[in-house]
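**Q** Submitted below is the structure of interest, expressed as C-alpha cells.
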Amino acid sequence: MILTPPKIDLLPEHLIDQIKAGEVIERPGNLIKEILENAIDAGASKLELSIKDNGLTQISLKDNGHGMRFHDLPIAFSRHATSKISRFEDLYRLNSFGFRGEALASIAAISKLQCISKIADENFAAELRIEGGQTIFHGERQTHSFLHGTELIIQDLFFNTPARLKFIQSQQAEKTFIKKIIFSFLLSRPDIEFQIKFDDNEKDIYTSRSNLMERIIDIFPKAKDSILSSQRFYENVELDLFLIPGNFKAPIKIQNIHINSRYILDKQLHKVTTNALAAAFGDDHFHYIANFHLPADTIDVNVHPNKTIIKVMDQSKMMGVLSSSIKSIATRKSPGQNSSFTSQKDGTYNPQSFLVGMANNSDLQQVRHQYNMDGLFSPHNISHSSNENNLWIGQTIIKNNGTTWIAISSIKLLEFYCYTRIKTQAPTIPLLVSEPFPAKKVTKETIENLHHSGMEIEYLGSETIVIRGIPEWMNGFPLKDIIQCLLLDKSFSEIILNPSDWSQSTWEGMLSHFKLDELITNKIVLDLSLLLKEKFK
C-alpha cells in the first residue's frame, strides 16, 4: 500500500490567535496580570479592577493612564503590536512590563471584549469591540467618566475554546491564584492606588503610598511593630527585604520575589529564602517580600510568554545577598530597622575615600570583609608604594631583614601561610554577603577541616556551598581565589596578585608567623646576601 502524505497548509489567523492565547492566557489570573501590566506601562496611578466568577464571566479594568489614539486602538489588539520596543537590542534594556505584543491579541481571540480609551487632548473616546478575534465595532463615543485612560471589559472568557475550561481548577484555587497576582502588583508598586472588587463584595481600596513599608502595613496592620527589614547593596545587586512572621494573617500567603518591580517565579531563590529562614529562625514560617533591583541589561525577560520566568546574569550574587540579609536580620532581630550601609547613591558615604585614609587601620580590616568579598572594600583598591626597606618586583618582595636582604615569593608565602593556618582554630568574622561556590569536587573532609579552622560553610542543595564567615587571619586576603584553592586543595600558583596592593603589615604578619630558616627550607624565601656572596666567589 502506498502511503499518501497529508497536505501541509498554513493555519488560519484566528486559529493561530487561539493557539497563541493558550500560551499566554492559561487561566484568568494570567489575563489579569497582562492587563495590569499594560495599565502600569501606560503610566496609570490609579487602577480599578472588578472580577466576577473568578474572571470567567467578567473582568473589567479602568485606569487613568495616557490612553490610546483612535487609529492605534485596533492595532493594539493585533499580534506583535507594541509601543515598547522597536529593535532587538531593546529586549535587553527593558523598562516596561510588556514588550511581546501578544497579550491583547490573545485575550481578544478567546473572549468578548470591549475597550474604551481616551487621550487627554481628544474630545471623544475611541471604542473597540471584538468577539473571538473578530472586530465587530470600531468608532468614537462620548464619555464623561474619565479625562484620559482606558477601560477594558472582558466577558465570557474561553467561550469559543471550551476545551480550555477543563483545565480551570477549583473556584478557591483560581481565586487564590488571582489574589497572588494582584498582591504581587500591590507590593511591587506601592505608589499606585488599587481598587479591587470580587463579585458583589465591597471594594478593597489600597491608596497610593510613598514606600513599600506603608503598603505592607496596609496588608498586615497588626504586624506593624513586627515587620523585619533589610537593605543590601553588593556590586550591581540591590535588595530590599521584608519579613513578616507567619502568625500574622493576610488574604494569602505572601512569598514574593520581584526583580525591577516584576514578579518572578524562581524555585532556586525561593529555596534559598526558606532554607535561610529555617537556619536563622528555626523555621520558615514567614511572609517575605524580596525586591531586587538590577541593571536592565543583566536580565533577559524574553524567556517565557508569561514573563514570570527570566534569566539573570548575577543569580549567584542574588542568592548570596538574600541569604546574608536574612541572617543579618536574625542576628539583629530589631523590627523595622535598616541594617545596611548607607547607599552610595545618596552621596552620604564614600567607602573608597574612607579606605584610602585608613588603609592600615586594623578595625577597618574586619569592616572590609563584613561588607563584601571583592567590591569597594577589597584590598586591591588600596595602593602602597615601595619604601627603603621593601621593593616590589612583580610578585616578589625584596626586603631588608635587618642584617641581610631576602627575596620572598608572595604567592608561595600566601599558600604556605593559609595551608598552615587552616590546621588551627581561629575566631570567625561574618561575611555580610555570603559567597556561593560549586560543591561537586569538594570533599567532606575538606569541609570539616575548613569549618574547624573558623570558616563558616553551609550547603545550598547538593551542588552549591556558601561561605558565611571567614577565619580572622584571612582579613585583607583575596578571598574568592584563596577559598577556591582551599576547597579544591589546589596550588595557589594560578592566583594573580600584586603584593604592593596589600598593606605592609599583612605581609609582616605572615612572615612573623614562621622562622626564617623554615621559609628558606621550603623555598619561599631566598637569602640574597648569601646567594650573591656565592655568585661573587
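**Q** Taking the stated definitions as given, is Lys253 touching a His at 6+ places or on another chain (Cβ under 8 Å) and farther than 23 Å from Ser50 by Cβ?
**A** When the stated conditions are applied, Lys253 passes them.
Okay, residues lined up against (1) acidic (Asp, Glu); (2) closer than 17 Å to Phe177 by Cα; (3) outside the structural domain of Phe437 (by TED's automatic domain parsing); (4) in contact (Cβ under 8 Å) with a residue 12 or more places away in the chain:
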| site | (1), (2), (3), (4) |
| --- | --- |
| Ile244 | no, no, yes, yes |
| Ile252 | no, yes, yes, yes |
| Gln268 | no, no, yes, yes |
| Ala278 | no, no, yes, no |
| Phe281 | no, no, yes, yes |
| Pro295 | no, no, yes, yes |
| Asp300 | yes, no, yes, yes |
| Lys317 | no, no, yes, yes |
| Ser325 | no, no, yes, yes |
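**Q** Additional query: Can you say whether Lys412 is in contact with a helix residue (DSSP H, G or I) (Cβ under 9 Å, 6 or more places away or on another chain) and in the same structural domain as His513 (by TED's automatic domain parsing), as far as the supplied structure shows?
**A** yes
**Q** Yes or no: Phe167 out of contact with any strand residue (DSSP E or B) (no Cβ under 9 Å at 6 or more places or on another chain), under 21 Å from Gln58 (Cα atoms) and in contact (Cβ under 8 Å) with a residue 40 or more places away in the chain?
**A** So Phe167 fits the description; yes.
**Q** While we're looking at this one, here's another question. Does Glu122 count as in a strand (DSSP E or B) and outside the structural domain of Ile254 (by TED's automatic domain parsing)?
**A** Spelling it out, it is not the case that Glu122 is in a strand (DSSP E or B) and outside the structural domain of Ile254 (by TED's automatic domain parsing).
**Q** Test Asp200 against the stated conditions and say whether it is under 27 Å from Asn54 (Cα atoms) and not β-branched (Val, Ile, Thr).
**A** Against the criterion (under 27 Å from Asn54 (Cα atoms) and not β-branched (Val, Ile, Thr)), Asp200 qualifies.
**Q** Looking for whichever is over 36 Å from the mean Cα position of the chain (by Cα) and under 23 Å from Ile40 (Cα atoms) here; the options are Phe124, Phe137. Which one fits?
**A** Phe124
**Q** Which condition from (1) touching a residue at least 40 places away in the same chain (Cβ under 8 Å); (2) not assigned by TED's automatic domain parsing to the domain that holds His258 is the one that Glu235 breaks?
**A** (2)
**Q** With the condition being surrounded by 20 or more Cβ atoms within 10 Å (Cβ to Cβ), I'd like the strands (runs of 3 or more DSSP E) fully within region 134-231 carrying at least 3 qualifying residues.
**A** Counting at least 3 such residues, we get 149-155.
**Q** Could you please find all residues in region 93-119 being touching a helix residue (DSSP H, G or I) at 6+ places or on another chain (Cβ under 8 Å), at pLDDT 90 or above and more than 20 Å from Leu165 (Cβ to Cβ)?
**A** Listed by number, the residues that qualify are Cys115, Ser117.
**Q** Still on this structure, please answer the following. Specify which of the listed residues (Phe437, Phe416) is in a helix (DSSP H, G or I) and not polar (S, T, N, Q).
**A** Step by step, each of Phe437, Phe416 is checked, and only Phe416 is in a helix (DSSP H, G or I) and not polar (S, T, N, Q).
**Q** Taking region 410-428, which residues are touching a strand residue (DSSP E or B) at 6+ places or on another chain (Cβ under 8 Å) and surrounded by fewer than 19 Cβ atoms within 10 Å (Cβ to Cβ)?
**A** Arg421, Ala426, Pro427, Thr428, listed by residue number.
The values are calculated or read from the model by the stated rules, or taken from the named source; none is laboratory data. Keep in mind that this is a model prediction, so the values were computed, not measured. FYI the Cβ positions are ideal-geometry reconstructions off the backbone, even for glycines, and counts take in every protein chain you see.
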